[in-house]
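Input: a single structure, listed below in structure tokens.
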Amino acid sequence: YSAGQFFFEYLVVVSLKKMPDGHYEPKITYQFPKRENLLKGQKEEEERLLQAIPLFCFPDGNNWAPVTEFTRIPLESMELVQGAGRCSDPFLTLFQPSGRGVRLPEVFCIISCLGCFGLFSKILDEVEKRRQISMAVIYPFMQGLRESPFPAPGKTVTIKSFIPESGTELIELTRPVDAHLEHVEFQALLQRLSPQLILHIFASAMLERRLIFLAEELSVLSQCIHAVAALLYPFTWAHTYIPVVPECLLDTVCCPTPFMVGIQMRHLERVLEQPMEEALIVDLCEGKIIRAVGDEEEILPGKLQNEMLVSLNRHNNNNNVHTSEQVNALVSEAFVHFFVRLVGHYASYIKWGRSGSGSFQERAFCKAIASKSCRRLVKKFVKTNMFSLFIEEAEKSRIPQEAYFQQKITEYHEQKKHRR
């Protein structure tokens, strides 16, 4: 996304309210901004959006109970709305309000069309700090954000914010140049699935199939699904994406279009009873595939698949890799290299007109691939939404959007020259 857009559409705080029958129901207890004078259609859209938010903030809300201590859940994200070329992602964090005795947790949720985990995490840290003082202290900070343009990649904006008893603070918010590994934990995936199964899942995601992940813990679902989506870089999953599906929305699995969703294991029987179309169902607890289409092992070209398997197995057995950042870098490198080998020649097949706009030559692009197995996969891949969106962006400017991917393409071509 370009600079100059709003940081967010809404900030909401969602709390659990005890109902007369004793169960707890999530409700929005704070909303910014409060929009007035909306047209009827806009008002209806806002109501639908805000009604959905509590379900995603507390997908298992009925199971919560007041506790004296609660471990904060870090920032999570999911697609909430997609349609008419517009999507909204809730970025949310769960914490327990200050005080004594038993208390229920609250969720802070930013709804935005812009994706930057680190930046939104810092914003929500600031919101939480102000929440401990008063809800009223949140407003001027969010108003300052609302009036500031979203920074371009690598740029910083400074927000002035007054806090009672602390005075005016200057808060710097920097947008990373490349954020494709922000908030990603490939280790979570490697701990639960074999490299072979990870490649089957990756191949299914690459062809935009329906994927269902099962686990009992919300954090496991969220971490693993984020990791699978990150394997697709420099491409972006362009369909329904819900790391934790609320119980009342389990019929999402009946959707005929592609989706990537996480469901708590206790709902497995209900999911299997649904009249759904072909889908890959992954059990993250047992590390196995429950249901498959059947051709997952044949999707990826044999040579490239074997190279990635060697790479993933090496990372699994490498005792020198200690940090999650190192694991992320090593795993990402293997999958980025796969895309470099498969479609890294795309820029050579964009024909530029005098007006400065480009036109992708799809047939010539596919024909240029020497390997039959690679060409067979690419002919399917070019028909996906994620590839189409990537090419649409590439056709707008001669300057590549994904700098890291372009860097790896350049390095690959340089290595080929040296080998000759």
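The values are calculated or read from the model by the stated rules, or taken from the named source; none is laboratory data. Just so you know, these numbers come straight off a predicted model, no measurement behind them. Note that each Cβ is placed from the backbone with ideal geometry, even for glycine, and that neighbours are counted across all protein chains shown. These accessible areas exclude ligands, DNA and RNA; they are computed on the full protein's heavy atoms, side chains included. Shrake-Rupley method; radii C 1.70, N 1.55, O 1.52, S 1.80 Å.
All of 228, 293, 282, 245 fail the test of being under 17 Å from the mean Cα position of the chain (by Cα) and under 28 Å from residue 376 (Cα atoms), apart from 228.
Scan region 7-48 residue by residue and report those that are over 23 Å from residue 121 (Cα atoms) and assigned to a strand (DSSP E or B).
Within region 7-48, the subset over 23 Å from residue 121 (Cα atoms) is 17-25, 35-48.
Result: 17, 18, 24, 25.
Could you please find all residues in region 223-243 being touching a residue at least 40 places away in the same chain (Cβ under 8 Å), part of a helix (DSSP H, G or I) and either open to solvent by 10 Å² or more (accessible area, probe 1.4 Å) or of a type in the set (Ser, Thr, Tyr) (or both)?
Just the residues of region 223-243 that are touching a residue at least 40 places away in the same chain (Cβ under 8 Å), to begin with: 224, 226-227, 230-243.
In the following step, the residues that additionally are part of a helix (DSSP H, G or I) were identified as 224, 226-227, 230.
Result: 226, 230.
The set of residues in region 353-366 being modelled with pLDDT of 95 or more and farther than 15 Å from residue 392 by Cβ consists of 363, 364, 366. The residues in region 277-290 that are open to solvent by less than 90 Å² (accessible area, probe 1.4 Å) and more than 16 Å from residue 208 (Cα to Cα) can be counted, and the count is 6.
Regarding residue 51, is this residue exposed (fewer than 14 other Cβ atoms within 10 Å of the Cβ), in the same structural domain as residue 112 (by the TED database) and under 24 Å from the mean Cα position of the chain (by Cα)? Judged against the criteria, residue 51 is a match. As for region 403-412, it holds no residue that is at pLDDT 90 or above, out of contact with any Ser or Thr (no Cβ under 7 Å at 6 or more places or on another chain) and over 30 Å from residue 152 (Cα atoms).
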